[in-house]
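What follows is a short report on a single structure.
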Amino acid sequence: MAIARRILRNVEEAEDIVQETFLELWRRAPQFDGRRGGLVAWIVTIARSRAIDRLRSCSTAGRTIDEVMATPEVHPSGPPSPVEHTERRLTESKVAEALAALPPEQRRTIQLAYFDGLSQTEISAKTGCPLGTVKMRVKLAVGKLKTLLKDDFS
Amino acid sequence: MAPAYVLVALDDQERSACTQHLATRAPHHGCREAVAAAEMVAARLGAALIPQRPSPQVWREIAARLQEDRGTATLPDEVARRRGLYHLCGWLVAAALVGVYLYNAPLDRRALQAKIGLGGQVASAGH
């Protein structure tokens, strides 16, 4: 739910997305391919796509960069088990380290694209960078993340 | 373009063009591999956020809607076809077992009779 809330900035809408995501999972269960990142990853991918679709259809993407960057991180409503907590912390730290290893402008581009659901055109308009530069940053950042998170995939 | 496609960072027009291209059987020069690699990265990025649980009401609504869905759900073609094949195989195996049993039954009876006859001879020899 965190990704939907982060993108939509609204608890009720994020909960709607959670519902839609689980219904879609139910209907598309035969299409699940575990080699492409596991079940949680699949759920996150579906939830994120749904949230972005809603964001763009509602034209709420008119947020300013400051708004986007200033939104506080969401917090869990219930405590995880110790094992869950440890696994989560490990994954979180690996991803955080990988993101931190990116050059600042690439990291910012990925934050705006992935965590805030902005398109490359929107990123270009909001940051004032040429569209070609934004495209190149996305490409380079994903390439680097792929290398940095390689061990995690295996 | 694959990373932007996977991150849903393309504009609608580009995005649908990519989706259509990936769905075609036209020669792909590493497109699908590039998309798969980017998907792996995107799948991991979600882990950077602090997880958050939706309210219990959301789970209740999901359960109710799934229940409704189950009533009207139809199986996807491939699953239905495979399930039909399993049923057919099951019936064929059952029919084969019945056939083998019926074929062997008279032989078993003759073998039993022969054994009983032999047993009778042994018994009479003992007396």
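Sub-8 Å Cβ pairs linking a first residue in the range B:1-26 that is over 21 Å from A:VAL134 (Cβ atoms) to a second residue that is buried (at least 16 other Cβ atoms within 10 Å of the Cβ) and among the hydrophobic types (A, V, I, L, M, F, W, C), at least 6 apart or interchain, are B:HIS21/B:CYS31; B:LEU22/B:CYS31; B:LEU22/B:VAL35, ordered by first then second residue.
Every residue, every condition in (1) at pLDDT 95 or above; (2) more than 25 Å from A:ALA14 (Cβ to Cβ); (3) of a type in the set (A, V, I, L, M); (4) not assigned by TED's automatic domain parsing to the domain that holds A:ARG6, yes or no:
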| residue | (1), (2), (3), (4) |
| --- | --- |
| A:ILE110 | no, no, yes, yes |
| A:TYR114 | no, no, no, yes |
| A:GLU122 | no, no, no, yes |
| A:LYS126 | no, no, no, yes |
| A:CYS129 | no, yes, no, yes |
| A:GLY143 | no, yes, no, yes |
| A:LEU149 | no, yes, yes, yes |
| A:PHE153 | no, yes, no, yes |
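Just to be sure before I move on: is A:THR109 at the interface with chain B (Cβ under 10 Å from one of its Cβ atoms) and in a helix (DSSP H, G or I) in the structure I sent? The answer is yes for A:THR109.
Scanning the range A:45-66 for residues that are modelled with pLDDT under 85 and either of a type in the set (A, V, I, L, M) or not in a helix (DSSP H, G or I) (or both) yields A:CYS58, A:SER59, A:THR60, A:ALA61, A:GLY62, A:ARG63, A:THR64, A:ILE65.
Within the range B:12-50, restricting attention to residues that are in contact with an Asp or Glu (Cβ under 9 Å, 6 or more places away or on another chain) and part of a loop (DSSP other than H, G, I, E, B), the residue that is surrounded by the most Cβ atoms within 10 Å (Cβ to Cβ) is B:LEU49.
When you check A:PRO76 against the structure, is it at pLDDT below 85 and more than 12 Å from chain B (Cβ to nearest Cβ), yes or no? Spelling it out, it is not the case that A:PRO76 is at pLDDT below 85 and more than 12 Å from chain B (Cβ to nearest Cβ). Residues that are under 15 Å from the mean Cα position of the chain (by Cα) and in contact (Cβ under 8 Å) with a residue 24 or more places away in the chain were ranked within the range A:95-105; the one that is nearest to B:LEU45 (Cα to Cα) is A:VAL95.
The residue that is modelled with the lowest pLDDT, counting only those in the range A:94-106 that are facing another protein chain (nearest Cβ under 9 Å) and surrounded by 19 or more Cβ atoms within 10 Å (Cβ to Cβ), is A:VAL95. If you check B:GLN57 against the conditions, is it at pLDDT below 80, at negative phi and either more than 25 Å from the chain's Cα centre (by Cα) or of a type outside the set (Asp, Glu) (or both)? Judged against the criteria, B:GLN57 is not a match.
The values are calculated or read from the model by the stated rules, or taken from the named source; none is laboratory data. Values in this document were obtained by computation on a predicted structure and should not be read as measured data. Cβ coordinates were reconstructed from backbone atoms using ideal geometry, including for glycine residues, and neighbour counts include every protein chain displayed.
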